[in-house]
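One structure below.
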Amino acid sequence: MNLTKLQLNNIKVNLPNAKDLLHGEDTDYNMLFVSVFDHWLSEKECDQIYEKTSHELTERRNKFEGLIKDLYSLTDTYIWRFKRHYRVFVYKPNTLKHLLLNCDIKNQTWQTGKRYDVLLPKLEAIYSEEWDWTNIIWYRKKEKIAPLIDIVKKSGLYILEKKN
């Protein structure tokens, strides 16, 4: 479904340089990390990344899926894909089921990453899947993402600051 001019303008104004970020280029966005772990893992702890049991794997996936469901309820969500000539095409998922199919969290593992980004223009943020059970919130103003941070904590996931 094509977006209205108002929706396109809202994305352009609230998420400047979003296309650069989606292309993997450097931008002036800040990062917060969303993880199933409550701290950055040390070298000795890294074996925790690998799923041990089907119960643990299901639990991790359910937390991320719950977060996506809450995002969909909280604010307008948009997803994207490449069209010809490497152009970014942004569109609104028709339903929550459409968004969940796009994210494909039921098949997420520690090895998957960069399969989806959810654009959240009202929060001036982009939520992106990454590797090792850790996703990224790209944002410009921390006060704007306060509701998103609350949702993350409610879902049983953790916010980690950038590691120096």
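Tabulated data
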read-out	value
Close pairs (6 angstrom Cβ cut-off, 6 or more residues apart or separate chains): free of Cβ contacts under 8 Å to residues at least 40 places away in the same chain in region 59-72, among the basic types (Lys, Arg) anywhere	none
Failed criterion for LYS106 (all others in (1) farther than 27 Å from ASP28 by Cα; (2) within 14 Å of the chain's Cα centre (by Cα) hold)	(2)
Hits in region 149-164 (condition: in a helix (DSSP H, G or I) and within 9 Å of LEU32 (Cβ to Cβ))	ILE149, VAL152
Filtered residues of region 14-28 (kept if out of contact with any helix residue (DSSP H, G or I) (no Cβ under 8 Å at 6 or more places or on another chain) and of a type in the set (A, V, I, L, M))	LEU21, LEU22
Residue tally, condition more than 17 Å from LEU15 (Cβ to Cβ) and of a type in the set (Gly, Ala, Ser), over region 87-139	1
Scope region 113-123; condition under 11 Å from the mean Cα position of the chain (by Cα) and outside any strand (DSSP E or B); matching residues	GLY113, LYS114, ARG115, TYR116
Residue identified as aromatic (Phe, Trp, Tyr) and either in a helix (DSSP H, G or I) or out of contact with any helix residue (DSSP H, G or I) (no Cβ under 8 Å at 6 or more places or on another chain) (or both) among TRP138, TRP131, TRP110	TRP131
Hey, ILE126 modelled with pLDDT of 90 or more and either outside any strand (DSSP E or B) or farther than 19 Å from LEU32 by Cα (or both) or not	no
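Residue-by-condition table, conditions (1) in contact (Cβ under 8 Å) with a residue 40 or more places away in the chain; (2) surrounded by 19 or more Cβ atoms within 10 Å (Cβ to Cβ); (3) under 25 Å from SER54 (Cα atoms):
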| site | (1), (2), (3) |
| --- | --- |
| ASP117 | yes, yes, no |
| ARG140 | yes, no, no |
| ALA146 | no, no, no |
| LYS153 | no, no, yes |
| ILE159 | yes, no, yes |
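The values are calculated or read from the model by the stated rules, or taken from the named source; none is laboratory data. In this text the structure is predicted, and so the values were computed from the model without any measurement. No Cβ is skipped: glycine too gets one built from the backbone with ideal geometry, and neighbour counts run over all protein chains shown.
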